[in-house]
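Worksheet for the structure shown next.
The values are calculated or read from the model by the stated rules, or taken from the named source; none is laboratory data. Every value quoted in this text rests on a predicted model; they were computed, and no experiment measured them. Glycine gets a Cβ as well: all are built from the backbone with ideal geometry, and neighbour counts include every protein chain shown. To get the accessible areas, we keep the full protein, side chains included, count just its heavy atoms, and leave off ligands, DNA and RNA. Shrake-Rupley method; radii C 1.70, N 1.55, O 1.52, S 1.80 Å.
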Amino acid sequence: MPLTAGEQRGFIVFGIGLLLVMTLVAWLSANQRDQGEGSPSSYNVQRGGAKAAYLLLQQSGYTVERWKQSPAQLPADASRVMLVVAGPESYPQAEEKSGIIRFLLRGGNVLIAGVQPDSFVPQASANWEDLRVGFAECRPVALTQLTRGGPISQDGALAWDSAKDAALVHFKDKDDKPVVVSYALGQGRVIWWASALPLTNVGIRDRKNLALLLNSLGNSRRILWDEFYHQEHAMVSAHPSNPAHMWALVQAGFLGLLVILTFSRRSGPIVPLVRESRLSPLEFVETLGSVFHRAHGTQVAVEIAFGRFQQIAARRLGIRGTSSANDILTAMTQRGLKVPPDVAALVACSEDAAGDTELSEKRALEYVQALHQATQLLDPVVSAKDKP
């Protein structure tokens, strides 16, 4: 029954309402997740925050400050200055990335943690690997300044691209994937962690994670803790940071496509449906097949094929029409009609299979095919006429 205009409008309104509800649920779920962990911002006191590390550095005598400006404004005197970019929530634009590169070329150091590094610095690449669940222990693989504290903890699924031979690998996870590396760029140095876990409020409790942070900072005379790429800085990210927003856009696009298709079909020409003739032989075959399928009468198909085989054998070989399968096969051999051994074995058993009510469809098909091949040997002309 065709839908009325009112019913169609009702379906469209229902779809839009459902989309709004799904978007609201996704947004609330994302907010709840953020409230439970939080980002490694120096303002954040939650589990995933980094205020504890920031205050600890201050109390330990480090010259540390929050950097809320664009990287293009990083200090020109970059010697022994460390920029900490921990778990950024947005990505730099071309001008900002150029500012980070100039900072490195002038002798500055950059610590990047918990993000793919190629968006911030050149000559860097990371891949998504198997997820490290919980506080996965990562072992040191070289005696360097960064590994003096022993094994560290990492989570997430990022791993350094091992094809980047210029980088020095300091730590690897249990799957032998690099998770802490460093390399020189100009007069400066880039240090990359696969996860910001060691400097978070929950991760820094482990003294080995704290040792990694202190060893990474080294003898820096000034530490700039980036807040430009956290929630303190509102900017349009080059990469979507919230999957819920992406799914909402996909659903909105899908709903819009449905609306367009609905109205385009209404405005198109009306063509009556083509009805198949009730006299079609194929329809009769399909109906008969469905009846046998519902009745689980697979043996009936074998019985029909065997009866036809008996009739043609009686006409072709001059034997009784009630001859058994073995008698027919023997007569065929005497007349020089060679039946393949595998076909002959199935034909010999088909007489018993015709009365087996538990016969499976697969097995019944094998019997029918074997009987058809044997029938073709008896009378190829008649068998060819039976083909569709």
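A few remarks follow.
- Classification of region 289-366 by its C-alpha gyration tensor yields a prolate form. The axis ratio a/c (a ≥ b ≥ c) is 1.5 or more, and a/b outweighs b/c.
- Considering only Cα atoms, the convex hull volume of region 318-359 works out to 60 Å³ per residue.
- Local electrostatic count, I204, Cβ distance below 12 Å [Lys/Arg +1, Asp/Glu -1]: +4
- Protection proxy ranking of 303-309, 198-204 - average other beta-carbon atoms within 10 Å, highest first: 198-204, 303-309
- Long-range HN-HN contacts of F171 with modeled amide H, under 5 Å: V141, V179, V180
- At an R0 of 41 angstrom, the distance between the Cβ atoms of M246 and S79 translates into a FRET efficiency of 0.45.
- Region 92-161: C-alpha gyration tensor shape, a/c 1.5 cut-off, then a/b vs b/c: oblate
- The phi-based Karplus calculation (6.51 cos²θ - 1.76 cosθ + 1.60; θ = phi - 60°) puts the 3J(HN,Hα) values of region 116-133 at 5, x, 5, 6, 10, 9, x, 6, 9, 7, 9, 10, 8, 10, 5, 5, 8, 8 Hz, whole numbers, x for Gly and Pro.
- In range of the label at N215: residues from region 150-194 whose backbone nitrogen is under 13 Å from the point 7 Å along Cα→Cβ: 150-153, 169-172, 180-182
- Pairs exceeding 28 Å between alpha-carbon atoms, taken from K174/K208; K51/K97; K68/K177: K68/K177.
- Rolling a 1.4 Å probe over the protein heavy atoms leaves V271 with an accessible area of roughly 110 Å².
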